[in-house]
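Let me begin by presenting the structure, written as structure tokens, before commenting on it.
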């Protein structure tokens, strides 16, 4: 066999190895499923759900049971066991409240409707270390259907909502360092409740839509450095009870909501902070409000449940920022509106509570997304000819393992991989002759693309 033929056979050997290692990826089944987990201790809807620093989820308040009574009960979901357990009770029964994770790891609870059927100004803080709630200074005004947003400096902005006297345009900030609420220098440009708010990458807060007797399309931005609200571009259509999600590209996605005309809306819009305008993006497959929207680790947004045109929905769909389109996934295991969705540290999403249009539920379920297939690894190859040892070094990627394989004809050998710091080092010993080596990444989503190297030992 001449030199050219040997080289061609060597290249073919390397190509065959890489294809063989990657082939199983196409056969991987989808991991995207909704599956039941332990039930909550109490049936409830309109509750709050907060991921704590310890990885557990704090569920607070809501309306409970067929009597539709406000609840002071709180409980914790443990992802390790898939179960709920009670924790300290609120001092004030409330629903339609806000809960905000502070930089300290404690949770600020503000407003809502209390057991008298009235909006409340009372506030309290939950301490995960003790499992207890502590009453703190009240807000300046009673509020329900408000939003509370953590600012960059650790303060919390509470805006608008509804009081006993009607819709509010006022706003205030809570300072954990002093324990006081302080009115902002300026009020919102319009009174509103059931609006959507999100902190932008700039640290400013976008407030859009809402309800003041009709569905609003006006929007404004809160500037923490001035304490004032400035008008910005309006939504093309007025909506309330929708969702807003800050995407990885810095834009904010407003999805669904109710417009009081066609009721559940299929519309979705992107807000561009640099231009200060909203633009339409792909439409939802199902019109919905009182739903949830969760930013996944993949960068996509999972939209699920809510109130549809004729029923409470079980359907779920993904928004892909790369394409601007929604695609179906799921469905949920139960009809849910006014429930909660919480992204866990594992990348799964906990859906809890809500109601099916008739009764509140204590059921909960987990959404398990399909992890992204690992990409082709960037590898540094080294050959010790004297010892006949090949070494492949890659940068460690969380949740991904690597397999180093060598092949000569029908002979295949597997190496050993070890992780140290930010590096994964794989080594393999082989015999003399022409060998093709490939290192292949793998995670729960499947097998990635092999990165190969040929050596003549």
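Brief remarks on what is shown
- When the criteria are applied in full, residue 328 fails the requirement of being crowded, with 22+ Cβ neighbours inside 10 Å and not in a loop (DSSP other than H, G, I, E, B).
- Criterion (more than 25 Å from the chain's Cα centre (by Cα), at positive phi and in contact (Cβ under 8 Å) with a residue 24 or more places away in the chain) met by exactly one of 399, 446, 433: 433
- Summed over segment 70-94, residues that are buried (at least 18 other Cβ atoms within 10 Å of the Cβ), assigned to a strand (DSSP E or B) and at pLDDT 95 or above total 6.
- Residue check, residue 100 modelled with pLDDT of 95 or more, under 30 Å from residue 34 (Cα atoms), outside the structural domain of residue 199 (by TED's automatic domain parsing) and assigned to a strand (DSSP E or B): yes
- Within segment 236-251, the set of residues being in contact with a strand residue (DSSP E or B) (Cβ under 7 Å, 6 or more places away or on another chain) and surrounded by fewer than 23 Cβ atoms within 10 Å (Cβ to Cβ) comprises 236, 238, 244, 245, 246, 247, 251.
- Scanning segment 382-403 for residues that are in a strand (DSSP E or B) and either closer than 27 Å to residue 346 by Cα or in contact with a helix residue (DSSP H, G or I) (Cβ under 9 Å, 6 or more places away or on another chain) (or both) turns up 393, 394, 395, 401, 402, 403.
This table checks each residue for (1) in a strand (DSSP E or B); (2) not assigned by TED's automatic domain parsing to the domain that holds residue 198.
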residue	(1), (2)
266	no, no
271	yes, no
279	yes, no
284	no, no
317	yes, no
322	no, no
341	yes, yes
347	no, yes
357	no, yes
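- Top-ranked residue in segment 253-296 [being under 30 Å from residue 373 (Cβ atoms) and in contact (Cβ under 8 Å) with a residue 60 or more places away in the chain; ranked as surrounded by the most Cβ atoms within 10 Å (Cβ to Cβ)]: 255
- Single residue of 141, 152 found to be in a loop (DSSP other than H, G, I, E, B) and within 27 Å of the chain's Cα centre (by Cα): 152
- Residue within segment 367-378 that is within 30 Å of residue 74 (Cβ to Cβ) and crowded, with 20+ Cβ neighbours inside 10 Å present: yes
The values are calculated or read from the model by the stated rules, or taken from the named source; none is laboratory data. Here the structure is a predicted model, which is why all the values come from computation and not from measurement. All Cβ positions, even for glycine, are placed from backbone atoms using ideal geometry, and neighbour counts span all protein chains on display.
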